[in-house]
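Contents: one structure, followed by commentary.
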Amino acid sequence: MDIGESLRKAVAKLSNTTIIDLKTIKEFNKELQKILLSSDVDVKVVFNLTNKIEKEALKSNLPPGVSSRDYILNIVYNELVSLVGESYEPEIKPKRILLIGLYGSGKTTTAAKIAKYYQNKNLGSGVICCDVSRPAAYEQLEVLSKAAGIGFYGEKNQKNLKEIIKNGLEKLKDKKIIICDTSGRNALDTNLIEELKTVNSSFRPDETILVISADIGHIVEKQATEFNNAVKVTGLVITKMDGSSKGGGALSAAHSIGTKVMFIGTGEKLNNIEPFDSEKYVGGLLGIPNIGALLEKIQEAIKEANIDVSEIEAEKLNFETFYTQLKAMNKMGPLKNVFGMMGAADMPKDVVEKGEEKLKKYSIIISSMTKQERVNEKLVHNPSRIARIAKGSGTSEKEVRELLADFNKMKKMMNMFKNDRSIKKRFASFMPH
């Protein structure tokens, strides 16, 4: 069970509580301590947090019209936001960024992700490979850079870091954002410290970012402190936030060295990185819907998939536009994340997996249709066409018929939405003004 699911269950226990008293708060705090400690949050930080919650919860009476669950939820939300630190808003301006970290932290992938992030903000970006200790580092960063559409510089057999940086800065001089990827080790040793100091003095970064993995455990605070002492750290990137059941230690590490979390990695794809928003993050842990983030993801996906929004109207919906929408949904990331933004983070795993499997299958089936079939759904109802499409997509005729049935349900639902003013009004309340 991950930290978010555990927190939501602890808060849910308060749903039927009508009186907020010392006993109730102490029981809740005991559960909260267990959750945070198992998620590798520092013990002192945990007890300071729960003491604040107890003090805040007992200092006044329950406000009129507010349930005990919402009252406690609001207190826990505010204190957790305070724990994980302020949100980060990247400055969209030219800069040099130095990435540091140990083996396995995802540093090289993060270099390409951050470069792509700024490139998407209309700041031309490039990366310099200064990892001269890991044999595959050069090839990995070169491949990632090509996939991200960013500049790349490295010297495959060169060990002189000053020379690589000098040549790299010259080659990428037209880039607004230049990121330097450095060597890692299994631990921060004397050789790595000297290497980082050499890179730091030659590269002269505006930002020095430590990349740490969410699953690293209690050692994260020690690691962050050692790196900070060697080369002053201005911020953290936490990777593997999508797959770790922990992550608390990594988040509290920023608190321990007096810096901030700048970005979090949310998946393996190059666009699976986002500036750290403490309110959105804590809201996701506690199961608070984030309609704004959901709409933002939808808009990004529509833009990336090059969808003409006018075609999504019911009368223009066909398998061609439906296929485009499926591709856009794929760009929004895992269904689990989408459900989380809707406030349904605890959707049963089998439901999520079956949903993802069905969407993938539908994409394959549609790709096996002819152009005429994609724009004229009635053609697909022909049994011989169903048989041909099933054979071409490696699926069964039953699965093709399931697609037809779901597609027709979608059309009916969109017609209902179009003609029902009350539904439109309710949806409009979620839209940003």
_Some residue of region 163-170 being under 20 Å from SER105 (Cα atoms) and in contact with a helix residue (DSSP H, G or I) (Cβ under 9 Å, 6 or more places away or on another chain)_ = no
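Table: residues versus (1) outside the structural domain of ILE100 (by TED's automatic domain parsing); (2) of a type in the set (S, T, N, Q); (3) at pLDDT below 90; (4) over 18 Å from the mean Cα position of the chain (by Cα).
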| position | (1), (2), (3), (4) |
| --- | --- |
| VAL220 | no, no, yes, yes |
| ALA230 | no, no, yes, yes |
| VAL233 | no, no, no, yes |
| VAL237 | no, no, no, no |
| SER256 | no, yes, yes, yes |
| MET262 | no, no, no, no |
*Which condition number does ASN382 fail, the rest of (1) more than 28 Å from ASN271 (Cα to Cα); (2) modelled with pLDDT under 85 being met?*
(2)
_Just the residues that are buried (at least 20 other Cβ atoms within 10 Å of the Cβ) and not aliphatic (A, V, I, L, M), please, taken from region 183-204._
SER183, GLY184, GLU195, PHE203
*In region 166-182, which residues are crowded, with 22+ Cβ neighbours inside 10 Å and farther than 21 Å from ASN120 by Cα?*
GLY168, THR182
*Would you check which residues across region 88-98 are at pLDDT 95 or above and either among the hydrophobic types (A, V, I, L, M, F, W, C) or touching a helix residue (DSSP H, G or I) at 6+ places or on another chain (Cβ under 8 Å) (or both) and list them?*
ARG96, ILE97, LEU98
_Considering only residues that are under 17 Å from LEU251 (Cα atoms) and surrounded by 21 or more Cβ atoms within 10 Å (Cβ to Cβ), which ones fall in region 23-34?_
LEU32
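Just one of LYS173, LYS197, LYS166 is assigned by TED's automatic domain parsing to the domain that holds THR266, more than 30 Å from VAL41 (Cβ to Cβ) and without any contact (Cβ under 8 Å) to a residue 24 or more places away in the chain; which is it? Full working, then the answer.
Numbers: LYS197 fails: without any contact (Cβ under 8 Å) to a residue 24 or more places away in the chain; LYS166 fails: without any contact (Cβ under 8 Å) to a residue 24 or more places away in the chain.
Sole residue among the options that is assigned by TED's automatic domain parsing to the domain that holds THR266, more than 30 Å from VAL41 (Cβ to Cβ) and without any contact (Cβ under 8 Å) to a residue 24 or more places away in the chain: LYS173.
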*Within region 196-242, tally of residues that are within 30 Å of LYS166 (Cα to Cα), part of a loop (DSSP other than H, G, I, E, B) and aliphatic (A, V, I, L, M)*: 2
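Just checking, does region 67-77 include any residue being assigned to a loop (DSSP other than H, G, I, E, B) and modelled with pLDDT under 75?
Of region 67-77, the ones assigned to a loop (DSSP other than H, G, I, E, B) are 67.
Checking which are modelled with pLDDT under 75 leaves us with 67.
For region 67-77, residues assigned to a loop (DSSP other than H, G, I, E, B) and modelled with pLDDT under 75: present.
Take the conditions in contact with a Phe, Trp or Tyr (Cβ under 7 Å, 6 or more places away or on another chain) and within 17 Å of ILE273 (Cβ to Cβ) and apply them to LEU141. Does it pass? Lay out the reasoning, then the answer.
Details: in contact with a Phe, Trp or Tyr (Cβ under 7 Å, 6 or more places away or on another chain): yes; within 17 Å of ILE273 (Cβ to Cβ): yes.
Yes.
Sort out which residues of region 90-105 are under 20 Å from LYS232 (Cα atoms) and part of a loop (DSSP other than H, G, I, E, B), and write them in order of number. First the steps, then the outcome.
Here is the first cut: in region 90-105, the residues under 20 Å from LYS232 (Cα atoms) are 90-91, 95-103, 105.
Within region 90-105, PRO90, GLU91, GLY101, LEU102, TYR103, SER105 qualify.
The values are calculated or read from the model by the stated rules, or taken from the named source; none is laboratory data. Model, not experiment: these values are computed from the prediction. Ideal geometry is used to build each Cβ from the backbone, glycine not excepted, and the neighbour counts take in all protein chains shown.
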